[in-house]
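Each remark here refers to the structure printed beneath this line.
Each reported figure results from applying straightforward, stated rules to the coordinates on display, with no laboratory input. Model, not experiment: these values are computed from the prediction. Here Cβ is always computed from backbone atoms with ideal geometry, including for glycine, and neighbour counts include all displayed protein chains.
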Amino acid sequence: MSTLSTTESAGQRTQNLARPGRIKWGRIGAYILLVLFAIVYVGPLLMLVNTSLKTLPDFMKSATSLPTSLNFQNFADAWSKANFPLYMTNTLIYTVSATVIYLITAVFVAFPISRGYVKGSGLLLTLYVIALFLPVALIPQFQLMLSLGLYNNPVGYIMLFLVNPIGIVILVNYIKTLPMDLDEAAAMDGCGYFRFVTSIVFPLIQPALATVAVLHAIGIWNELILPTIYLTNKDYYPITRGMIVFQGVYGSNWPTLAAAVLIMTLPMLVIFLVLQRYIVSGLTAGAVKG
């Protein structure tokens, strides 16, 4: 009887799973939700692309209609008129240098905290988490930059991005997933601290490094307030500050302005697409473990 009842219950479960209503409506709901999210996130980007491919007369006739012809001249005009070569070069220097320096220093800070090699490591990690919710102290920061002679200085501007609490939190929690046996084996083999971190820890935390690098680089690339405050020389402007100047001069030419925004967005989009397979694993391990 028990075997028969087990067989009947298994058959009922199979029939319930085979009912097309539940599975079908669940999938339809999931697809509808995904489409809505895609419209919210991708819709503005598609509108931007649509605008950038129009001529100014076509845009003035109908801002939302499809372009009658593909006008790629807007990108050439935006590149030359917005002084993109200079601004893009400055932004690349700021972003690459600040991100590389930050990643190297952040790992050497996160590793001893994650292993508990420093006193009060739990308190330090808590302070970094609290720092995520604190606003930037612009007035003391501005006074410090003035007193150090770093105002309107590219070096001083880069130094503003060498502290980022979210990167430390992600790295600390990701390094905690590495087995402690690695530390003991390296110590028994006579491996020094610096060599251990550079040759063993760095290769093993590549997903976390990619995640922190993308988040940090996007933050620097899109930063607008800090260059407006600390960089007054046009030769030092990043792309965001240069876009304000371009918008003030060519703000009525919406197709060219849309093309300029796409040019500014393209590098970070490419980096995200290249590193996206690392970002998910880096964020999940860095957020859940700890």
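Numerical summary
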quantity	calculated
Nearest-20 debye value, segment 55-185 charge dipole, Cβ charges on Lys, Arg, Asp, Glu	220
Order of Thr126, Thr240 under a 10 Å beta carbon neighbour criterion, fewest first	Thr126, Thr240
Dipole of segment 77-288 [Lys/Arg +1, Asp/Glu -1 at C-beta], most positive-end residue of Gln143, Gly248, Gly120	Gly248
Residue order, fewest to most beta carbons within 10 Å, for Ile271, Ile39	Ile39, Ile271
Those lysines that a straight Cα-Cα span of less than 21 Å connects to Lys119, excepting residues fewer than 8 apart in one chain	Lys176, Lys289
For the chain: relative contact order, % (alpha-carbon pairs under 8 angstrom, 6 or more apart)	29
Sorted by Cβ density within 10 Å, fewest first, the residues Ile244, Ile218	Ile244, Ile218
